[in-house]
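The block underneath contains the structure these notes are about, expressed in structure tokens.
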Amino acid sequence: MTYGVIDVGSNTIRLCIYKVEHGEITSLFNNKTTAGLIGYVNDGELSHKGISRACDVLNTYKKMASFAQIKELYVFATASLRNITNSDEAVSTIYEKTGLHVDVLSGYEEAVLDFEGAAHSEKLDDGIMVDIGGGSTEILYFSKGKIRDAVSLNFGSLSMYRTYVSKLFPKKSEAKAICRKVEQELRKAEFLDNRPFPVMIGIGGTIRAVKKFNNDIFGLSKENNIIIDGNLEYLLEELRDEEKQTLSKVLRVAPDRIHTLIPGMLILRTIFKKCQCREIHMSSFGVREGYLYKKVMGKDERDDLYTE
């Protein structure tokens, strides 16, 4: 069977179409639109213009999905609709204008579904999983292949950019402010204290962009999915050149993340250091695939992933 999943994020809205066969999923189509919904949030409320922007993209994706003759189209939102004061209004208006129901995930649900997706693509033993989005960051601790604890923190690469960066790239003082904020928020994740996590599993577009930059700078194959200790510091140094040189480097690997790559890297490095990681393994699956597994097969079939 063929299914569609739309992920409404703070920065991008993405349509993915999958084939599900014998309990395994294969990606057939992937398209994203930089909607920048977080830019339409004022005093915690998503404006009518922002809701209309989401509706426009969703109607386009609904039409695209119809050509694929999918069995079902699922739509979910993360921090984009979770962290606003008028979430119910946004979901209701979107349904009226598109006929699509948006499932707004809690931060914990998002973290668990990240793990659910990744667990289907690789063996997970012990470590942490990190998903840096545009408006939130999820961190999940797992051991012996089971979830032990998780937290969703209200910052992401785009929200950090909007809050702390005055121009295209952060100045030294702005970069320090971002790192201080991350360090402060990480205190909420008590399960990270006094425990090394040698392996970090990376999820999502921010870490994927860092991986691309890592492979580009170090001349590695694009199939390489590992970032080793020390590389993050070197990569950030590479982006401390004059603005024109930095711009050229970012455009080469992540043109759609021109303003969010560095804030995202600062978040990632801070978590990496806090957790005493030695390497990052980029997962090819994440929240979208986890959500699809939940919808198609039901979470009860995956109870072995959860701690008692």
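The values are calculated or read from the model by the stated rules, or taken from the named source; none is laboratory data. From a predicted model like this one, the values you see are computed outputs, not experimental measurements. Positions of Cβ are backbone-derived with ideal geometry, glycine not excepted, and every protein chain shown enters the neighbour counts. Only protein heavy atoms, including side chains, enter the accessible area calculation; ligands, DNA and RNA are left aside. Shrake-Rupley method; radii C 1.70, N 1.55, O 1.52, S 1.80 Å.
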#### Entry: Contact order normalised by residue count of the chain, Cα under 8 Å, 6+ apart, percent
19 percent
#### Entry: Where Tyr74, Tyr108 fall by accessible area, highest first, once all protein chains stay in place (1.4 Å)
Tyr108, Tyr74
#### Entry: Using a Förster distance of 51 Å, the FRET efficiency for Asp193-Gln245 (Cβ separation, nearest 0.05)
0.85
### Thr26, Thr98, reordered so the largest accessible area comes first (probe 1.4 Å)
Thr26, Thr98
### Query
Averaged per residue, what accessible area in Å² does the chain show with a 1.4 Å probe, protein chains only?
46 Å²
### Query
Using a 1.4 angstrom probe and counting only protein chains, how large is the accessible area of Lys273 in Å², to 10?
130 Å²
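Among rounded, prolate and oblate, which fits region 1-158 when a ≥ b ≥ c are the square roots of the eigenvalues of its C-alpha gyration tensor, a/c under 1.5 means rounded, and a/b larger than b/c means prolate?
Since a/c reaches 1.5 but b/c is at least a/b, the shape of region 1-158 is classed as oblate.
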### Residues in region 54-74 that a label on His101 would reach, taking backbone N under 16 Å of a point 7 Å out along Cα→Cβ
72-74
### Query
Under a point-charge model restricted to the Cβ atoms of Lys and Arg (+1) and Asp and Glu (-1), what is the dipole moment magnitude of the chain relative to its Cα centre, in debye to the nearest 20?
940 debye
### Query
Considering only Cα-Cα distances, which of the following residue pairs are longer than 30 Å: Lys62/Lys146; Lys144/Lys273; Lys181/Lys249; Lys19/Lys274?
Lys62/Lys146; Lys19/Lys274
### Query
Taking the Cα atoms of the chain, what is the range of coordinates along each of the three principal axes, in descending order and whole Å?
47, 44, 37
### Message
Output wanted: per-residue J couplings in Hz (rounded whole) for region 224-236, from phi through Karplus 6.51 cos²θ - 1.76 cosθ + 1.60, θ = phi - 60°, x for Gly and Pro.
### Response
5, 10, 10, 10, 9, 3, x, 5, 4, 4, 5, 5, 5
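Would you please give the FRET efficiency between Ile258 and Glu21, computed as 1/(1 + (r/R0)^6) with r the Cβ-Cβ distance and R0 = 30 Å, to the nearest 0.05? Walk me through the numbers on the way to the answer.
Values: r = 38 Å, r/R0 = 1.27.
Efficiency computed from Cβ-Cβ geometry: 0.20.
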### Task
Quote the accessible area belonging to His48 in square angstrom, nearest 10, computed with a 1.4 Å probe and with ligands, DNA and RNA left uncounted.
130 Å²
### Message
Taking the Cα centroid of region 99-148 and of region 1-35, what is the distance between the two, rounded to the nearest whole Å?
### Response
16 Å
## Note on the structure
A 1.4 Å probe over the protein heavy atoms gives the chain a carbon and sulfur accessible-area percentage of 46 percent
### Query
Counting alpha carbon pairs within less than 8 Å and at least 6 residues apart, what relative contact order, in whole percent, applies to region 142-235?
18 percent
### Message
Can you tell me how region 155-211 classifies by the Cα gyration tensor, rounded, prolate or oblate, using a/c under 1.5 as the rounded cut?
### Response
oblate
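In whole angstrom, how long is each semi-axis of the equivalent ellipsoid of region 197-263, when you take the square root of 5 times every eigenvalue of its Cα gyration tensor and sort them from largest down? Don't skip to the answer; put the middle values down first.
Details: eigenvalues 76, 32, 28 Å².
Working through the eigenvalues yields semi-axes of 19, 13, 12 Å.
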### Message
Tell me the accessible surface of Phe272 in square angstrom (1.4 angstrom probe, heavy atoms of protein chains only), to the nearest ten.
### Response
20 Å²
### Task
State, in angstrom, two size descriptors of region 139-242 derived from its alpha carbons: Rg to one decimal place and Dmax to the nearest whole number.
15.5, 46
## Note on the structure
Checked region 70-117 with the C-alpha gyration tensor, a ≥ b ≥ c its square-rooted eigenvalues, rounded below a/c of 1.5, otherwise prolate if a/b is larger than b/c and oblate if not; verdict oblate
## Note on the structure
Between the modelled labels at Lys176 and Asp229 (7 Å from Cα along Cα→Cβ) the distance in nm is 2.7 nm
### Alpha carbon centroid spacing (whole Å) that separates region 219-246 from region 192-210
16 Å
